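Heads up, the thing below is written out as structure tokens.
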Amino acid sequence: MVRKAPREDTGDEGMRVGPPKDWAGGLPAVAHAMETAYRQMGVGRTALTLLQVNQKRGFDCPGCAWPEGEHRSPAEFCENGAKAVAEEATTRRVGREFFAAHPVGELAVRSDHWLGQQGRLTEPMHKPAGSDHYVPIAWEAAFEIIARELRALGGPDEAVFYTSGRTSNEAAFAYQLLVRRFGTNNLPDCSNMCHESSGSALNQTLGIGKGTVSLEDLHRAELIFVVGQNPGTNHPRMLTALERAKRGGARIVAVNPLPEAGLLRFKNPQKPSGLGKGTALADRFLQIRLNGDMALFQALSLLLLDSADREFIDRHTHGFEEWERHLRALDWDEVLEATGLSRAELEATAEDVRAAGSVVVCWAMGLTQHRNSVATIREVVNFLLLRGNVGRSGAGVCPVRGHSNVQGDRTMGIYEKPSQAFLDALGKEFGFSPPGHHGLDTVEAIRAMRDGSAKVFVGMGGNFVRATPDSEVTEAALRRTRLTVQISTKLNRSHAVCGREALILPTLGRTERDPAGYVTVEDSMGLVHASTGRLRPASADLLSEVAIVCRLARALFGDDPHVPWADFEHDYGAIRDRVSRVIPGFEDFNARAPGGFALPNAPRDERRFPTATGKANFTVNALEVLRVPPGRLLLQTVRSHDQYNTTIYGLDDRYRGVKAGRRVVFVHPDDLAERDLADGDLVDLISEWPDGERRAEGFRAIAYPTARGCCAAYFPETNVLVPLDSVAETSNTPTSKSVVVRLAPAIPRNPDAG
Ligand SMILES: Nc1nc2c(c(=O)[nH]1)N[C@H]1C(S)=C(S)[C@@H](COP(=O)(O)OP(=O)(O)OC[C@H]3O[C@@H](n4cnc5c(=O)[nH]c(N)nc54)[C@H](O)[C@@H]3O)O[C@H]1N2
Ligand SMILES: Nc1nc2c(c(=O)[nH]1)N[C@H]1C(S)=C(S)[C@@H](COP(=O)(O)OP(=O)(O)OC[C@H]3O[C@@H](n4cnc5c(=O)[nH]c(N)nc54)[C@H](O)[C@@H]3O)O[C@H]1N2
Ligand SMILES: [Mo]
């Protein structure tokens, strides 16, 4: 059986490819940001909006979760932050006329780019069962439909409540409360596909599922590893922090199969220095093979065993001897094969570490989306513990989060496996018994919908059908449900690939005025602060996410003796009062929110490790080299410079030299030659898995300086290639960065197929 990606109008005809850039930022970044902003918002609104990003009394940038820092420049935005804002603050609108003109069947084959470009959703829409059109519906009627369908289920576990990571703390807390009052822990979220592996590994080893460094630690670090991350595109403000660290004398080691522009050189667009050559960032570039990181960190640790911090190890850690024994048996041939690096490179890097008083390791999706991701991240922890690089100034673990409030949503209880302590506190505060058994994560939720055991899907933001793996399986799963509900700002494919009955509930974005007051978010480094939107809402008929949750709760529960939903709807302070009594670290939440505050972090603040052993745990992780069958390549699915996850801003990937197209696959020239392929050839990507092949058609092969044996292509176009059952151990994260594929000359496309 062959699974194929749906045909879509990609508009790739005018594609041009040039050499990749070796620097990021600078004036082109400003120019591109402005161009997008003007196109979406016009000149006046652009000035008004961009000046409020990440300011003390402005709104939190919906772009990424990188912290703001103490000294905010008057234009604390970056190119991609500006694009994220422009997407939301666009003046384009999608109203009832649009849905009258475009049946659902047509929208389902439109490209993600086209869908996103249509503009902001303006009123609640309903697709009745059996119809191919959305029609307007009143808010209360929409809530009645959801309540009716939820009540009709065989039990609460037949519903799935997804969350994407832009939802505010207040909305997230109210949402998980509604879901648990209803009786299920089926709260999958985008984190399941993102940093779940980091959370799993860090909880077990350090006793906290978050990073242990502050922005100041990064500024003070003597050596910074940036592993499996492309900050020039995905966390541009991080480059400013790296630049600052470098000015203070830090060295930077970039570990990546791709020579990403932002890792090599940075021209700060906010400083006059941004005009010149900029700052060279990485002192050392380790061009590693995909999935070679566990071998890398084991090898570095082995080379550094003689310089262990014995005092720290004896006092604060557990399991060192067993780990040391395991390391000493490391097979160098396997290390060199897995990493694709030379022994000399590894030894030189170990000397960098030996010379550094403090080390930070930063990482993102390059480490989290492999089968052995949890073990790899545990190995990063081992490497840092060895020299006492956790819980002191300038040192620690730094998983760099994606969505702007993904970390806060988890803190608020958006989690399918909540701790008993959290459930007890929630139950005590509201006087009910939350469900004790664990719920479904993202992959399990897809299986449950596929198998018919989950029948209602509610999405609090995000684009479930496009963000998830195995597109064909997932699309069929969603279509099988009785009802899908999408609470969204913008149109996306999850509105078109929907349940038999479907609802679109349009909501306010971060940038917009909310009469019920400010909301709060938590950044990647555990700082909580307020966010206040100031723009006029995209339509008078939008409700805030909190209001949607509260009104749905009233339709579902009637007069709820346990939760004052009406109060919550109109006064977010009333929600924060409850949070302050349920979640540790939020004491006096309302008083502290406006100024912002740091959540407690035991490893960072006190060198205390609240794990099962009461110490930081060394762990033994078996090294398995990921060998691909002859003729195959390992594919990673990445973001282009012009996208935000499934939102496609444009068709360029400036830093990688691609213009006006997305169906490309980056391959090492020698790997192309071995396959008798030439730069520019059209190929199909075929992934192989025991249950059958999956095919993504019509990709232009680009000769590119990636590591040998590896290739890269953009998601979501390649999600069809990631099998649903190919997941990371423990975290269950889809293995989006290591898919075994073969390249085949493309089957010519039928020009009429659209
Ligand atoms: N503009 C913009 N900003 C974003 C996003 C966006 O889509 N657009 N998305 C947001 C979200 S949700 C997230 S999670 C983050 C994602 O931020 P990133 O993790 O930077 O995003 P990816 O594009 O997935 O890039 C993965 C990087 O890891 C490298 N890599 C892949 N596999 C391996 C490996 O096995 N080992 C090593 N060492 N490196 C590897 C790739 O070459 C690439 O540089 O960005 C957030 N910010
Ligand atoms: N193959 C592959 N797949 C991946 C990844 C990968 O690297 N490779 N990365 C994974 C990662 S890291 C992540 S985080 C997921 C992302 O998965 P999601 O978070 O589900 O996807 P997004 O594309 O960020 O969601 C975009 C939609 O969110 C809605 N939206 C935007 N802002 C708001 C808001 O303020 N409120 C509400 N209610 N809705 C809003 C808009 O309607 C928009 O269309 O994708 C994952 N999928
Ligand atoms: Mo993410």
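Close contacts from the stretch 49-71, counting a first residue that is free of Cβ contacts under 8 Å to residues at least 40 places away in the same chain and a second that is of a type in the set (Lys, Arg), with Cβ to Cβ under 8 Å and a gap of 6+ residues or different chains, come to 54/72; 55/72; 56/72.
Go through the stretch 150-191 residue by residue and tally those that are in a helix (DSSP H, G or I) and either within 13 Å of ligand 2 (Cβ to nearest atom) or open to solvent by less than 10 Å² (accessible area, probe 1.4 Å) (or both). Summing the residues that are in a helix (DSSP H, G or I) and either within 13 Å of ligand 2 (Cβ to nearest atom) or open to solvent by less than 10 Å² (accessible area, probe 1.4 Å) (or both) in the stretch 150-191 gives 15. Scanning the stretch 447-458 for residues that are farther than 18 Å from residue 175 by Cα and open to solvent by less than 40 Å² (accessible area, probe 1.4 Å) yields 448, 449, 452, 454.
Being over 22 Å from the mean Cα position of the chain (by Cα) and within 16 Å of ligand 2 (Cβ to nearest atom) is the filter here; which residues of the stretch 469-496 pass it? So that I can check it myself, show each step before the final result.
The initial filter retains those residues of the stretch 469-496 that are over 22 Å from the mean Cα position of the chain (by Cα), namely 476-477, 479-484, 496.
Those that are over 22 Å from the mean Cα position of the chain (by Cα) and within 16 Å of ligand 2 (Cβ to nearest atom): 477, 484, 496.
Within the stretch 354-374, the residues that satisfy the criterion of being among the hydrophobic types (A, V, I, L, M, F, W, C) and crowded, with 23+ Cβ neighbours inside 10 Å are 359, 360, 361, 362, 363, 364, 365, 367, 374. Looking across 429, 444, one residue alone is more than 24 Å from residue 568 (Cα to Cα) and open to solvent by 30 Å² or more (accessible area, probe 1.4 Å). It is 444.
In this structure, does residue 130 turn out to be more than 16 Å from ligand 3 (Cβ to nearest atom) and either farther than 19 Å from residue 65 by Cβ or buried (at least 22 other Cβ atoms within 10 Å of the Cβ) (or both)?
Values: more than 16 Å from ligand 3 (Cβ to nearest atom): yes; either farther than 19 Å from residue 65 by Cβ or buried (at least 22 other Cβ atoms within 10 Å of the Cβ) (or both): yes.
So residue 130 fits the description; yes.
Yes or no, residue by residue, for (1) open to solvent by 10 Å² or more (accessible area, probe 1.4 Å); (2) under 22 Å from the mean Cα position of the chain (by Cα); (3) not polar (S, T, N, Q):
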position	(1), (2), (3)
83	no, yes, yes
87	yes, yes, yes
93	yes, no, yes
107	no, no, yes
117	yes, yes, no
124	no, no, yes
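Does residue 334 satisfy being assigned by TED's automatic domain parsing to the domain that holds residue 293, touching a strand residue (DSSP E or B) at 6+ places or on another chain (Cβ under 8 Å) and away from ligand 3 (no atom under 16 Å from the Cβ)? No; evaluated as a whole, the condition is false for this residue. All of 485, 443 fail the test of being under 24 Å from residue 104 (Cα atoms) and touching a strand residue (DSSP E or B) at 6+ places or on another chain (Cβ under 8 Å), apart from 485.
Modelled with pLDDT under 95 and either more than 24 Å from residue 523 (Cβ to Cβ) or β-branched (Val, Ile, Thr) (or both): which single residue out of 258, 264 fits that description? First the steps, then the outcome.
Values: 258 fails: modelled with pLDDT under 95.
The match here is 264.
Taking each residue of the stretch 221-236 that is open to solvent by 10 Å² or more (accessible area, probe 1.4 Å) and looking for partners that are assigned to a helix (DSSP H, G or I) with beta-carbon atoms closer than 6 Å, six or more apart or interchain, yields 228/366; 228/367; 236/80.
Quick one: in the stretch 197-210, of everything that is open to solvent by less than 10 Å² (accessible area, probe 1.4 Å) and not hydrophobic (A, V, I, L, M, F, W, C), which residue is farthest from ligand 1 (Cβ to nearest atom)?
205
Here the stretch 330-351 is the region considered, the condition is being farther than 18 Å from residue 738 by Cβ and acidic (Asp, Glu), and the residue that is surrounded by the fewest Cβ atoms within 10 Å (Cβ to Cβ) is 333. When residues in the stretch 728-753 are screened for being open to solvent by 10 Å² or more (accessible area, probe 1.4 Å) and either over 26 Å from residue 287 (Cα atoms) or more than 12 Å from ligand 2 (Cβ to nearest atom) (or both), 16 of them pass.
Given the criteria farther than 30 Å from residue 319 by Cα, open to solvent by 50 Å² or more (accessible area, probe 1.4 Å) and in contact with a strand residue (DSSP E or B) (Cβ under 6 Å, 6 or more places away or on another chain), does residue 594 qualify? Yes: the conditions hold for residue 594.
Among the residues of the stretch 222-234, those that are near ligand 1 (Cβ under 6 Å from one of its atoms) and not β-branched (Val, Ile, Thr) comprise 228, 229, 230, 234. Pairs linking a residue in the stretch 91-102 that is under 11 Å from residue 491 (Cα atoms) to a residue that is part of a helix (DSSP H, G or I), with Cβ atoms under 6 Å and 6 or more positions apart or on different chains, do not occur.
Among the conditions (1) within 16 Å of ligand 1 (Cβ to nearest atom); (2) assigned by TED's automatic domain parsing to the domain that holds residue 546, residue 127 misses just one, which is (1).
Considering 77, 98, the condition of being of a type in the set (Phe, Trp, Tyr), at pLDDT 95 or above and more than 16 Å from ligand 3 (Cβ to nearest atom) is satisfied by 98 alone.
Of all residue pairs spaced 6 or more apart or on separate chains, those with beta-carbon atoms under 7 Å, a first member in the stretch 543-555 that is farther than 22 Å from residue 490 by Cβ and a second member that is open to solvent by 10 Å² or more (accessible area, probe 1.4 Å) and assigned to a loop (DSSP other than H, G, I, E, B) are 553/560.
The values are calculated or read from the model by the stated rules, or taken from the named source; none is laboratory data. What you see is a predicted model; the values in this text were computed from it and never measured. Virtual Cβ from ideal backbone geometry, glycine too; neighbours counted across all protein chains shown. All accessible areas refer to the heavy atoms of the entire protein, side chains included, with ligands and DNA or RNA removed. Shrake-Rupley method; radii C 1.70, N 1.55, O 1.52, S 1.80 Å.
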